[in-house]
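Student: Have a look at the structure that comes next, please.
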Amino acid sequence: MKRIFLIGYMGAGKTTVGKVLSRQLGLSFIDLDHYIEGRYHKTVGQLFAERGEEAFRDVERRMLREVAMFEDVLVSTGGGAPCFFDNMEFMNEAGQTVYLKVSVDELAKRLELCKTTRPVLKGRSGDELRAFIAESLEKREPFYSKASIVFNAEEMMTDQDVQNISQALATLFSTFN
Ligand SMILES: Nc1ncnc2c1ncn2[C@@H]1O[C@H](COP(=O)(O)OP(=O)(O)O)[C@@H](O)[C@H]1O
Ligand SMILES: O=C(O)C1=C[C@@H](OP(=O)(O)O)[C@@H](O)[C@H](O)C1
Ligand SMILES: [Mg+2]
């Protein structure tokens, strides 16, 4: 039985890479944000606006435990998920965690283009956006770095990169199973 959690900052590519990697590994794919949106019939933006971040984190915590009941699955989490409650320890016990690591400059570049769907970044741009990313990434890094595998995701993932992650995961699974 395989269960993988992709973690990392907003814009690291968890949703994008997760889809490809799950196919490569023959696993079902779940994006935790999309799962929450389906269960609550609301977007993440609406949940933040209507209930606030604290309530969203509680929903996220519960939905993470729900998807972790599934077997042979790859779960792409939201960027904040590993950094609240004991979620990171929980994921490490439930499966293998893979941190997609990307620099502040690259994240700022990517997120400038797709920040509207991310309530945490609302109203920030340019230097302010970059400074916000730098500060929050520093706080989150200690959680992310508890992952079983840290992968440099600075550049657009090539097929070879996906192969490399798959290979590293296969080695880990053979160690643990
Ligand atoms: N490896 C990558 N290299 C360059 N851009 C990427 C990469 N992965 C994702 N992107 C782009 O970055 C943005 C955020 O990707 P997404 O998969 O939604 O990230 P996350 O789920 O980690 O927040 C998207 O516009 C996507 O096209
Ligand atoms: O980092 C965060 O606090 C968040 C990341 C988002 O997911 P992505 O990392 O997929 O953008 C989403 O869960 C929500 O907007 C909050
Ligand atoms: Mg995502």
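Student: Select from the range 14-39 the residues that are within 9 Å of ligand 2 (Cβ to nearest atom) and either under 29 Å from Ser174 (Cα atoms) or hydroxyl-bearing (Ser, Thr, Tyr) (or both) and list them in ascending order.
Tutor: Correct list: Lys14, Thr15, Asp31, Leu32.
Student: Still on this structure, please answer the following. Examine the range 40-54 for a residue that is part of a loop (DSSP other than H, G, I, E, B), within 14 Å of ligand 2 (Cβ to nearest atom) and surrounded by 22 or more Cβ atoms within 10 Å (Cβ to Cβ), and state whether such a residue exists.
Tutor: no
Student: Working only within the range 3-29, note down all residues that are more than 9 Å from ligand 3 (Cβ to nearest atom) and assigned to a helix (DSSP H, G or I).
Tutor: Hits for the range 3-29 are Val17, Lys19, Val20, Leu21, Ser22, Arg23, Gln24, Leu25.
Student: Considering every residue within the range 83-95, establish whether at least one is over 12 Å from the mean Cα position of the chain (by Cα), part of a loop (DSSP other than H, G, I, E, B) and within 14 Å of ligand 2 (Cβ to nearest atom).
Tutor: yes
Student: Sort out which residues of the range 137-148 are touching a Phe, Trp or Tyr at 6+ places or on another chain (Cβ under 8 Å) and crowded, with 16+ Cβ neighbours inside 10 Å, and write them in order of number.
Tutor: Leu137, Arg140, Tyr144, Ala147, listed by residue number.
Student: From the list Leu100, Leu32, Leu74, exactly one residue is among the aliphatic types (A, V, I, L, M) and either modelled with pLDDT under 95 or within 20 Å of Leu129 (Cβ to Cβ) (or both). Which is it?
Tutor: Being among the aliphatic types (A, V, I, L, M) and either modelled with pLDDT under 95 or within 20 Å of Leu129 (Cβ to Cβ) (or both) holds for just one of Leu100, Leu32, Leu74, which is Leu100.
Student: Moving on. Does the range 56-82 hold any residues that are within 15 Å of ligand 3 (Cβ to nearest atom) and assigned to a helix (DSSP H, G or I), and which are they?
Tutor: Result: Phe56, Glu60, Met63, Leu64, Val67, Ala81, Pro82.
Student: For Leu129, only one of the following conditions fails: (1) open to solvent by less than 30 Å² (accessible area, probe 1.4 Å); (2) in contact (Cβ under 8 Å) with a residue 40 or more places away in the chain. What is its number?
Tutor: Every condition holds for Leu129 apart from (2).
Student: Could I ask something else about it? Any chance the range 97-106 includes a residue that's away from ligand 1 (no atom under 13 Å from the Cβ) and touching a Ser or Thr at 6+ places or on another chain (Cβ under 8 Å)?
Tutor: Yes, that holds for at least one residue.
Student: Considering every residue within the range 96-104, establish whether at least one is in contact with a Gly (Cβ under 8 Å, 6 or more places away or on another chain), closer than 16 Å to Ala12 by Cα, within 16 Å of ligand 2 (Cβ to nearest atom) and of a type in the set (A, V, I, L, M, F, W, C).
Tutor: yes
The values are calculated or read from the model by the stated rules, or taken from the named source; none is laboratory data. If you're wondering where the values come from, they're calculated on a predicted model, not measured in any experiment. Note: ideal-geometry Cβ built from the backbone for every residue, glycine included; neighbour counts use all protein chains shown. What goes into the accessible areas is simple: the full protein's heavy atoms, side chains included, and nothing from ligands, DNA or RNA. Shrake-Rupley method; radii C 1.70, N 1.55, O 1.52, S 1.80 Å.
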